[in-house]
Amino acid sequence: MEKVLRDRLATAGFSSADIRAERDSDGDPILLVDVKYAFSDKPISSKLTYGLSTEVRKALSALGETRFPHIRHHFDEQQKIAS
């Protein structure tokens with residue numbers, strides 16, 4: 001999963017990802033993915049994250065992982081996001 005995140009988000013300043021097993025509000029097993037970014041003077045396009053969950057799910061499925069990844073993005077408070 002980290003390779004997919006790094007490949008997809010490197011231009012946005014991908015720094016690291018914390019991944020842990022959790023349960024959602026219905027009690028189903030999930031993977032909680034906290035993606036952290038380094039600050040960049042250049043605004044980050046929100047289009048970089050579009051479809052990311054699908055891409056991560058495909059990579060996980062290829063490894064036999066069935067838990068759904070819930071991805072949360074953590075940008076620096078000063079980071080500008082371009083729409």
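Just so you know, all these numbers are worked out from the coordinates, no wet-lab data involved. The shown structure was predicted, so the numbers you read here are calculated from the model rather than taken from an experiment. No Cβ is skipped: glycine too gets one built from the backbone with ideal geometry, and neighbour counts run over all protein chains shown.
Residues checked against (1) assigned to a strand (DSSP E or B); (2) surrounded by 10 or more Cβ atoms within 10 Å (Cβ to Cβ):
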residue	(1), (2)
L31	yes, yes
K36	yes, yes
L48	no, yes
K58	no, yes
S61	no, yes
G64	no, no
H73	yes, yes
TODO: Find the residue count for segment 3-23, including only residues that are part of a helix (DSSP H, G or I) and loosely packed, with under 13 Cβ neighbours inside 10 Å.
DONE: 4
TODO: Give segment 6-57 a look and list any residue that's under 18 Å from F75 (Cβ atoms), within 14 Å of the chain's Cα centre (by Cα) and among the polar types (S, T, N, Q), or say none.
DONE: T11, S15, S16, S46, T49, S53
- [ ] Would you check which residues across segment 20-37 are in contact (Cβ under 8 Å) with a residue 24 or more places away in the chain and either of a type in the set (K, R) or in contact with a helix residue (DSSP H, G or I) (Cβ under 9 Å, 6 or more places away or on another chain) (or both) and list them?
- [x] L31, V33, V35, K36, Y37
